[in-house]
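Undergrad: Take a look at this one; I'll ask things after.
The values are calculated or read from the model by the stated rules, or taken from the named source; none is laboratory data. As the structure is a prediction and not an experimental result, all values here were calculated from the model. Cβ sites come from the backbone with ideal geometry, for glycine too, and all protein chains shown count toward neighbours. Each accessible area value is taken on the protein alone, full model and side chains, heavy atoms only, with ligands, DNA and RNA left out. Shrake-Rupley method; radii C 1.70, N 1.55, O 1.52, S 1.80 Å.
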Amino acid sequence: FFGKPGLGKTWLGMELSLSVACGIPWYGLPTTAAKVLYFNLELPNWTMQNRLNTLINRMAGAVVYDEQIPIMEAREKLMEEHFHLLTAEDLQGRINILDNAMVCHLQEACTSIQPRLLVIDALSRIHETDENSAEKFGQVLARLDTLRLSTRCAILLIHHDRKGNGDAHGKGDEMDAL
């Protein structure tokens, strides 16, 4: 996902992750229950926990019939087993995807948890490369591709547009002036 600040990219990524973890449709699209590893490298733990609680309550909905209770309990169990969250506070130092040792740590985490979906929020927090340089940023993407292939999991990158950088043509817009 990519877009301007405040559009809800993290919320959307979390909703998708929880839907995959529970195997429930995401905006009408079918999912299969699978393990998810969500790296949130921007928001503090308490913010992520608040957001998770909000989403879990929204996904659970109101229980109207006794027959729904086993379904809700099954979803909660799947979420506990399949959704794994790591935040910047859980990690020691910054992640640099171009650092061989860091890639090994990421591969070990994926080997241990065995996610089918790895979410990295935000892309800018795993590298220090110039994103406007195709050659340099290509190295970041190549490392992510290597991680994807070695762990056999899909990778969702959430990329937050940097404030004040202008658009792709180098021109700012009214949002940059705010």
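Undergrad: May I ask you to list the residues in the range 32-44 that are within 18 Å of K77 (Cα to Cα) and either in contact with a strand residue (DSSP E or B) (Cβ under 9 Å, 6 or more places away or on another chain) or surrounded by 17 or more Cβ atoms within 10 Å (Cβ to Cβ) (or both)?
TA: Answer for the range 32-44, where residues must be within 18 Å of K77 (Cα to Cα) and either in contact with a strand residue (DSSP E or B) (Cβ under 9 Å, 6 or more places away or on another chain) or surrounded by 17 or more Cβ atoms within 10 Å (Cβ to Cβ) (or both): A33, A34, K35, V36, L37, Y38.
Per-residue answers, yes or no, for (1) under 22 Å from A21 (Cα atoms); (2) modelled with pLDDT under 95; (3) surrounded by fewer than 16 Cβ atoms within 10 Å (Cβ to Cβ):
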position: N96; (1), (2), (3): no, yes, no
position: S112; (1), (2), (3): yes, yes, yes
position: I120; (1), (2), (3): yes, yes, no
position: T129; (1), (2), (3): no, yes, no
position: R162; (1), (2), (3): no, yes, yes
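Undergrad: Six or more apart or on different chains, Cβ atoms under 7 Å: show the pairs whose first residue is in the range 28-41 and touching a residue at least 12 places away in the same chain (Cβ under 8 Å) and whose second is among the polar types (S, T, N, Q) and crowded, with 16+ Cβ neighbours inside 10 Å.
TA: From the range 28-41, the pairs are T31/S19; V36/S17; Y38/S17; N40/T87.
Undergrad: Restricting attention to the range 79-94, which residues are open to solvent by 50 Å² or more (accessible area, probe 1.4 Å) and assigned to a helix (DSSP H, G or I)?
TA: Answer for the range 79-94, where residues must be open to solvent by 50 Å² or more (accessible area, probe 1.4 Å) and assigned to a helix (DSSP H, G or I): E80, E81, E89, D90.
Undergrad: If we scan the range 51-64, do we find a residue that is surrounded by 12 or more Cβ atoms within 10 Å (Cβ to Cβ) and modelled with pLDDT of 90 or more?
TA: yes
Undergrad: I'd like the residue in the range 80-125 that is over 17 Å from the mean Cα position of the chain (by Cα) and of a type in the set (S, T, Y) and, out of all such residues, is farthest from I155 (Cα to Cα).
TA: S112
Undergrad: What pairs come up if the first residue lies in the range 1-17 and is over 18 Å from R125 (Cβ atoms), the second is assigned to a strand (DSSP E or B), and their beta carbons are under 6 Å apart, counting only those six or more places apart or on different chains?
TA: That search, which allows pairs on different chains as well, returns L16/W26.
Undergrad: Being within 16 Å of the chain's Cα centre (by Cα) and among the acidic types (D, E) is the requirement here; does D161 meet it?
TA: So D161 fits the description; yes.
Undergrad: In the range 118-142, which residues are of a type outside the set (A, V, I, L, M, F, W, C), outside any helix (DSSP H, G or I) and within 30 Å of H82 (Cα to Cα)? I'd like the intermediate steps shown before the answer.
TA: Step one: of the range 118-142, the residues of a type outside the set (A, V, I, L, M, F, W, C) are 121, 124-125, 127-133, 135-136, 138-139.
The next check asks that each one be outside any helix (DSSP H, G or I); those that pass are 121, 127-133.
Listed by number, the residues that qualify are D121, H127.
Undergrad: Could you pull out the residue among L149, L141, L178, L106 that is closer than 22 Å to Y38 by Cα and either modelled with pLDDT under 90 or touching a helix residue (DSSP H, G or I) at 6+ places or on another chain (Cβ under 7 Å) (or both)?
TA: Checking each option against the conditions leaves just L106.
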